[in-house]
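Notes for the one structure printed next.
The values are calculated or read from the model by the stated rules, or taken from the named source; none is laboratory data. It should be emphasised that the depicted structure is a prediction, and the values quoted were computed from it without experimental measurement. When we count neighbours, we look across all protein chains shown, and the Cβ atoms used for this are built from the backbone with ideal geometry, even at glycine.
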Amino acid sequence: MTLAILSALGGGILIGGAAVFMKAATGHIPGVSGIMGRAIISPPALWCWAFLAGIVGSGVMARFVWGWSVPVSFSQSGWPRLMLSGVLVGVGTRLARGCTSGHGVCGLGNLSGRSLIAVLCFMVTAGLVVFARHYTG
């Protein structure tokens, strides 16, 4: 139990620190959906690609350097379900005009009412999905 608490605390400190660093260094908040959008528009922003490469690279490093594995639930879900989940998350981030990193980490820290509503919607939806999955298998 203590390891889980320390892992969560460490992760929160790293995410918060990264958000503060990015805001100070670039003037942008680290909302991943917005950064992804900026990376693919013309002309693409190079720093966006660097940010996204860092996210992917850290996952690859965790797998191959430290031996972390993909959760069993991901491999049991199958590609069609994972792809559908990704599409639904994408639609949700467009409807909310941002993702959990932008609204949850940065928006709430800035006391944004819009971000509070978005985060509440994210959490209620997540709870309903867990409830539905529990009863449907």
Out of the range 45-84, which residues are small (Gly, Ala, Ser) and modelled with pLDDT under 85?
Ala45, Gly67, Ser69, Ser73, Ser75, Ser77, Gly78
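Okay, residues lined up against (1) basic (Lys, Arg); (2) crowded, with 16+ Cβ neighbours inside 10 Å; (3) touching a helix residue (DSSP H, G or I) at 6+ places or on another chain (Cβ under 9 Å); (4) under 22 Å from His103 (Cβ atoms):
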site: Ile29; (1), (2), (3), (4): no, yes, yes, yes
site: Ile35; (1), (2), (3), (4): no, yes, yes, yes
site: Ile40; (1), (2), (3), (4): no, no, yes, yes
site: Trp49; (1), (2), (3), (4): no, no, yes, no
site: Gly57; (1), (2), (3), (4): no, no, no, no
site: Ala62; (1), (2), (3), (4): no, no, no, no
The one condition in (1) farther than 28 Å from Ile29 by Cβ; (2) surrounded by fewer than 10 Cβ atoms within 10 Å (Cβ to Cβ); (3) not hydroxyl-bearing (Ser, Thr, Tyr) that Gly113 fails to fulfil:
(1)
Can you go through Pro80, Pro44, Pro30 and tell me which one is farther than 16 Å from Val105 by Cβ and not in a helix (DSSP H, G or I)?
Pro44
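Check the range 117-124 and report whether any residue there is out of contact with any His (no Cβ under 7 Å at 6 or more places or on another chain), part of a helix (DSSP H, G or I) and either under 24 Å from Leu14 (Cβ atoms) or among the hydroxyl-bearing types (Ser, Thr, Tyr) (or both). Steps first, please.
Initially, the range 117-124 is screened for residues out of contact with any His (no Cβ under 7 Å at 6 or more places or on another chain), giving 117, 120-124.
In the following step, the residues that additionally are part of a helix (DSSP H, G or I) were identified as 117, 120-124.
With the extra rule that they be either under 24 Å from Leu14 (Cβ atoms) or among the hydroxyl-bearing types (Ser, Thr, Tyr) (or both), the set shrinks to 122-123.
Among the residues of the range 117-124, at least one is out of contact with any His (no Cβ under 7 Å at 6 or more places or on another chain), part of a helix (DSSP H, G or I) and either under 24 Å from Leu14 (Cβ atoms) or among the hydroxyl-bearing types (Ser, Thr, Tyr) (or both), which makes the answer yes.
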State which residue pairs qualify: first residue under 28 Å from Gly17 (Cβ atoms) and part of a helix (DSSP H, G or I) and inside the range 83-103, second residue modelled with pLDDT of 80 or more and hydroxyl-bearing (Ser, Thr, Tyr) in any location, beta carbons under 7 Å apart, and separation of 6 or more residues or different chains.
Thr93/Ser33; Gly102/Ser33; His103/Ser115
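Mind checking which residues of the range 68-110 are among the hydrophobic types (A, V, I, L, M, F, W, C) and within 23 Å of Gly11 (Cβ to Cβ)? Working first, answer last.
Narrowing the range 68-110 to residues among the hydrophobic types (A, V, I, L, M, F, W, C): 68, 70, 72, 74, 79, 82-84, 87-89, 91, 95-96, 99, 105-106, 108.
Correct list: Trp68, Val70, Val72, Phe74, Leu82, Val89, Ala96, Cys99, Val105, Cys106, Leu108.
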Can you tell me which residues in the range 64-77 are part of a helix (DSSP H, G or I), among the aromatic types (Phe, Trp, Tyr) and surrounded by 10 or more Cβ atoms within 10 Å (Cβ to Cβ)?
Phe74
